[in-house]
Amino acid sequence: MEKKNTIFCDIDGTIFKYRKFETYKTTPAEPIQSTIEYLQKRHEEGHMIIIITARPHDMLSHTLLIVTG
């Protein structure tokens, strides 16, 4: 049985192109397509993907909306 990995991935600058913090709610998040494709492939292979961020708690709803679509 192949061992599966756990991949920790930051949101800003890794999954989405970097934006200044004060513009998060007023500018659209631009996905980094190569990262998205990599994470999707690893997920399909059965690896666990954990998304992390240093965003403040008051950005939780906004963050969940952009990550989950």
Within segment 11-22, restricting to residues that are open to solvent by less than 40 Å² (accessible area, probe 1.4 Å) and not acidic (D, E), the one that is farthest from M1 (Cα to Cα) is R19
Filtering segment 1-10 down to residues that are at pLDDT 95 or above and either touching a Pro at 6+ places or on another chain (Cβ under 8 Å) or open to solvent by 100 Å² or more (accessible area, probe 1.4 Å) (or both) yields F8
Listed by first then second residue, the pairs whose first member lies in segment 36-54 and is closer than 14 Å to E2 by Cα, whose partner is among the polar types (S, T, N, Q), with beta carbons under 8 Å and at least 6 positions apart or on separate chains, are R42/N5; H47/N5; H47/T6; M48/N5; M48/T6
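Being hydroxyl-bearing (S, T, Y) and part of a loop (DSSP other than H, G, I, E, B), is that true of even one residue in segment 25-37?
Within segment 25-37, the first condition is being hydroxyl-bearing (S, T, Y), and the residues that meet it are 26-27, 34-35.
Next, from what is left, pick out any that are part of a loop (DSSP other than H, G, I, E, B): 26-27.
There is at least one residue in segment 25-37 that is hydroxyl-bearing (S, T, Y) and part of a loop (DSSP other than H, G, I, E, B).
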Subset of segment 29-45, residues of a type outside the set (S, T, N, Q) and either in contact with an Asp or Glu (Cβ under 7 Å, 6 or more places away or on another chain) or exposed (fewer than 10 other Cβ atoms within 10 Å of the Cβ) (or both), comes to E44
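The values are calculated or read from the model by the stated rules, or taken from the named source; none is laboratory data. What you see is a predicted model, and the numbers here were worked out from it, not measured in a lab. Note that we place each Cβ from the backbone using ideal geometry, even for glycine, and neighbour counts take in every protein chain shown. All accessible areas refer to the heavy atoms of the entire protein, side chains included, with ligands and DNA or RNA removed. Shrake-Rupley method; radii C 1.70, N 1.55, O 1.52, S 1.80 Å.
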